[in-house]
């Protein structure tokens, strides 16, 4: 593609060089302030050739611009994809961090609940043991009082029987 462009540029440049050559070969009119008499048909032919070459050059330039635009558009699309992917990865990391934070928070809540339950169970256990010991103490105290009373009755009965 660039080779054709160079060839076309060379053609236009060659044609312009031909125009200069025709001007150089032209007959200079005396006292005309540098005016030159040239072969009009030869000049017309060269200008027609230049006119034929220019649209091709313009089309090639437009194709180059279109290619450049397409390349830029493709690069923009690829950049958008890369940016979107980076944003998704960043969001994923944020989500994972949030999941870890929530899991840590839940674990702390469970640990706090477990500690509370252990304290409550210890208190209930202590209260139960205290109640058992109090009832045992009361029962033993009653039995001891009964035993002492019975013992006293036996002593009193023995004294009375000895008399």
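Taken together, the values in this text are just the output of simple stated rules run on the coordinates, not laboratory data. Keep in mind the model is a prediction, meaning the values are calculated, not measured. Cβ placement follows ideal geometry from the backbone for every residue including glycine, while neighbour counts extend to all protein chains displayed.
Only one entry of 24, 130 meets the criterion of being surrounded by fewer than 10 Cβ atoms within 10 Å (Cβ to Cβ) and at negative phi, and that entry is 24.
Considering only the stretch 26-44, I want to know if a residue exists there that is more than 30 Å from residue 13 (Cα to Cα) and either touching a helix residue (DSSP H, G or I) at 6+ places or on another chain (Cβ under 6 Å) or outside any helix (DSSP H, G or I) (or both). Yes: one or more hits. Could you please let me know if residue 47 is assigned to a helix (DSSP H, G or I), free of Cβ contacts under 8 Å to residues at least 40 places away in the same chain and touching a strand residue (DSSP E or B) at 6+ places or on another chain (Cβ under 7 Å)? In short, no.
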